[in-house]
Amino acid sequence: MNRAKLDQIKQELGWKPNHPSKESLPYIGVRLNGDNAYISGNIAFSDGEVRYKGRIGKDLSIEDAKKSAALSMINCLDSFDKAYGLENLDKVLKVTGYLCCTEDVIEQPQIMNAASEVLTAVFGEDGLHARAALGIHTLPLGASVEVELVVKVILPSVSPLAAECSEN
C-alpha cells in the first residue's frame, strides 16, 4: 500500500476530510464478514460538501465525472481506513459504480476507470478488481457518481470493535 500516492491523489483532487455525521443512521459504513469488508456507497464529498453534482452529459463533462468517480473512491478508502486501517486491506475484490447520466452517455467504463486507477496507484496488483459501471437516472444529494467497494481484509489484525464504523 502506497499511502504517499494516496495523499498525492487526495491533494490533486482537492480532497478535504469530511465531518462525521451526528445523526443516527440505519446502516454502517463498513461491514466485516469473515475476511471480506463491504464498504457502503460513497459519493464525491469533500469538506462536507458534494462536489461534481448533476447529470453527466447535461450538467457535467466526462472529465468532471472522472474526478467525481476518483473522489468517491477516495471516500470509500477513507471509510475503510477509519474503520480498520488501510494497512489491513489485503486486496480489492469488486467495485460497483453508479453514474447519473443522460441516455446518450456511453462512457461509463471510461469514467469508472478513474476510480479503478486510484486503487491500482495505491495498491498495485492488489488493487486490480472485478467491476460494474452502471448508468442510472438519479443519485442521492444530486451526486453524479456513487461507488461501493468489496475488499479482502488481513486477519486477525483487524479489531472486531471497528465493525461499528458508521461514517460516510
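The numbers here are math on the coordinates, done by the rules we state, and not lab data. Fair warning: this is a prediction, and the values are worked out from it, not measured in the lab. Note that we place each Cβ from the backbone using ideal geometry, even for glycine, and neighbour counts take in every protein chain shown.
Of these, Gly97, Gly85, which one is at positive phi and in contact with a helix residue (DSSP H, G or I) (Cβ under 9 Å, 6 or more places away or on another chain)?
Gly85
Pick out the one residue from Leu32, Leu25, Leu99, Leu93 that is more than 15 Å from Val147 (Cβ to Cβ), assigned to a strand (DSSP E or B) and not charged (D, E, K, R).
So the residue among Leu32, Leu25, Leu99, Leu93 that is more than 15 Å from Val147 (Cβ to Cβ), assigned to a strand (DSSP E or B) and not charged (D, E, K, R) is Leu32.
Kindly indicate which of Ser61, Ser68 is within 22 Å of Ile136 (Cα to Cα) and surrounded by fewer than 16 Cβ atoms within 10 Å (Cβ to Cβ).
So the residue among Ser61, Ser68 that is within 22 Å of Ile136 (Cα to Cα) and surrounded by fewer than 16 Cβ atoms within 10 Å (Cβ to Cβ) is Ser61.
Restricting to segment 82-116, name every residue that is under 12 Å from the mean Cα position of the chain (by Cα) and of a type in the set (D, E, K, R).
Across segment 82-116, the qualifying residue is only Lys94.
Would you call Asn33 surrounded by fewer than 12 Cβ atoms within 10 Å (Cβ to Cβ) and of a type in the set (S, T, N, Q)?
Yes; evaluated as a whole, the condition is true for this residue.
Of the residues that make up segment 131-154, is at least one of a type in the set (S, T, N, Q), free of Cβ contacts under 8 Å to residues at least 12 places away in the same chain and either within 19 Å of Arg3 (Cα to Cα) or not in a helix (DSSP H, G or I) (or both)?
no
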